[in-house]
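The next block holds one structure in the form of C-alpha coordinates; read it before the comments.
The values are calculated or read from the model by the stated rules, or taken from the named source; none is laboratory data. The structure displayed is predicted, hence computed values, not measured ones. Every residue, glycine among them, receives a Cβ derived from its backbone with ideal geometry; neighbour counts consider all protein chains shown. Note: areas computed on protein heavy atoms with side chains; ligands, DNA, RNA excluded. Shrake-Rupley method; radii C 1.70, N 1.55, O 1.52, S 1.80 Å.
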Amino acid sequence: MKQHKYSYETRLAAAKAVVDDKKDVVSVMRAYSIFSPSPLYQWCALYRKGGAEALIQKKRGRPEGYKVEKEPLTREQELEAMVRQLQIENAVLKKVAA
(Lines give C-alpha, C1' and ligand atoms only; values in the text may rest on other atoms or scores of the structure.)
Protein backbone atom coordinates (compact mmCIF):
# COMPACT_ATOMS: atom_id res chain seq x y z
CA MET A 1 0.00 0.00 0.00
CA LYS A 2 1.35 3.39 -1.00
CA GLN A 3 1.94 6.00 1.67
CA HIS A 4 0.75 9.46 0.77
CA LYS A 5 2.82 12.50 1.58
CA TYR A 6 1.03 15.63 2.64
CA SER A 7 2.42 19.15 2.65
CA TYR A 8 2.92 21.08 5.86
CA GLU A 9 0.10 23.43 4.87
CA THR A 10 -2.32 20.53 4.39
CA ARG A 11 -1.36 18.92 7.70
CA LEU A 12 -1.70 22.23 9.54
CA ALA A 13 -5.03 23.18 7.95
CA ALA A 14 -6.54 19.74 8.57
CA ALA A 15 -5.38 19.63 12.20
CA LYS A 16 -6.67 23.16 12.81
CA ALA A 17 -10.03 22.24 11.27
CA VAL A 18 -10.46 19.29 13.62
CA VAL A 19 -8.96 20.77 16.79
CA ASP A 20 -9.84 24.47 16.60
CA ASP A 21 -12.96 24.48 14.38
CA LYS A 22 -14.36 21.24 15.89
CA LYS A 23 -15.12 19.75 12.45
CA ASP A 24 -15.65 16.03 12.17
CA VAL A 25 -12.80 13.87 10.90
CA VAL A 26 -14.65 12.47 7.88
CA SER A 27 -15.52 15.87 6.43
CA VAL A 28 -11.95 17.12 6.96
CA MET A 29 -10.61 13.99 5.25
CA ARG A 30 -12.87 14.68 2.25
CA ALA A 31 -12.00 18.38 2.14
CA TYR A 32 -8.22 17.83 2.17
CA SER A 33 -8.13 14.51 0.23
CA ILE A 34 -6.72 12.56 3.16
CA PHE A 35 -7.09 8.83 2.51
CA SER A 36 -6.82 7.50 6.06
CA PRO A 37 -7.86 8.84 9.47
CA SER A 38 -4.62 7.65 11.12
CA PRO A 39 -2.36 10.47 9.96
CA LEU A 40 -5.07 13.01 10.74
CA TYR A 41 -5.35 11.74 14.32
CA GLN A 42 -1.56 11.91 14.65
CA TRP A 43 -1.46 15.46 13.30
CA CYS A 44 -4.20 16.51 15.71
CA ALA A 45 -2.31 15.02 18.66
CA LEU A 46 0.91 16.75 17.58
CA TYR A 47 -0.94 20.04 17.06
CA ARG A 48 -2.55 19.87 20.50
CA LYS A 49 0.77 19.05 22.13
CA GLY A 50 3.20 21.33 20.31
CA GLY A 51 1.25 23.68 18.10
CA ALA A 52 1.97 24.36 14.43
CA GLU A 53 5.72 23.81 14.85
CA ALA A 54 5.12 20.18 15.84
CA LEU A 55 3.76 19.43 12.36
CA ILE A 56 7.00 20.38 10.61
CA GLN A 57 8.58 17.18 9.33
CA LYS A 58 12.05 16.49 10.58
CA LYS A 59 14.72 14.90 8.41
CA ARG A 60 15.17 11.22 9.04
CA GLY A 61 18.28 9.09 8.95
CA ARG A 62 21.90 9.93 9.41
CA PRO A 63 22.98 13.52 8.92
CA GLU A 64 24.89 14.34 5.76
CA GLY A 65 28.63 14.11 6.08
CA TYR A 66 28.26 11.45 8.74
CA LYS A 67 30.58 9.00 7.01
CA VAL A 68 34.15 9.63 8.10
CA GLU A 69 36.79 8.73 5.56
CA LYS A 70 39.59 6.68 7.05
CA GLU A 71 43.15 7.20 5.96
CA PRO A 72 44.57 4.19 4.15
CA LEU A 73 46.81 2.06 6.36
CA THR A 74 50.52 1.87 5.72
CA ARG A 75 52.03 -1.53 4.95
CA GLU A 76 53.46 -1.67 8.49
CA GLN A 77 50.03 -0.94 10.03
CA GLU A 78 48.41 -3.61 7.85
CA LEU A 79 50.97 -6.17 8.99
CA GLU A 80 50.53 -5.21 12.67
CA ALA A 81 46.76 -5.63 12.33
CA MET A 82 47.24 -9.02 10.69
CA VAL A 83 49.59 -10.13 13.50
CA ARG A 84 47.04 -9.04 16.13
CA GLN A 85 44.30 -10.94 14.35
CA LEU A 86 46.43 -14.08 14.12
CA GLN A 87 47.37 -13.80 17.81
CA ILE A 88 43.67 -13.64 18.73
CA GLU A 89 42.87 -16.65 16.54
CA ASN A 90 45.81 -18.55 18.05
CA ALA A 91 44.62 -17.80 21.60
CA VAL A 92 41.09 -18.98 20.76
CA LEU A 93 42.38 -22.20 19.23
CA LYS A 94 44.57 -22.86 22.29
CA LYS A 95 41.54 -22.45 24.59
CA VAL A 96 39.48 -24.81 22.44
CA ALA A 97 42.25 -27.43 22.41
CA ALA A 98 42.70 -27.23 26.20
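Each of Thr10, Ser36, Met82 was scored by the projection of its Cα onto the charge dipole of the chain, and the greatest displacement toward the positive side belongs to Ser36; charges sit on the C-beta of Lys, Arg, Asp and Glu.
Here the contact order of the chain, divided by its residue count and restricted to Cα pairs under 8 Å and six or more residues apart, works out to 21 percent. Could you tell me how many degrees, from 0 to 90 and to the nearest 10, lie between the Cα long axis of helix 37-50 and the main elongation axis, the longest principal axis, of the Cα atoms of the chain? Orientation of helix 37-50: about 90 degrees from the principal axis. Normalised per residue, the accessible area of the stretch 1-95 is 90 Å², obtained with a 1.4 Å probe and no contribution from ligands, DNA or RNA.
Multiplying the residue separation of Val26 and Ala98 by 0.36 nm and removing their Cα-Cα distance gives an extension gain of 18.7 nm.
Computed from the C-beta positions of Tyr8 and Glu64, the FRET efficiency with R₀ = 22 Å rounds to 0.55. Only lysine pairs 8 or more places apart, or on different chains, with alpha-carbon atoms under 30 angstrom apart are counted in the chain, and they number 26. Kirkwood analysis of the Cα pair distances in the chain returns a hydrodynamic radius of 18.5 Å. Evaluated with a Cβ-only charge set (Lys, Arg +1; Asp, Glu -1), the chain carries a dipole of roughly 460 debye about its Cα centre, given to the nearest 20.
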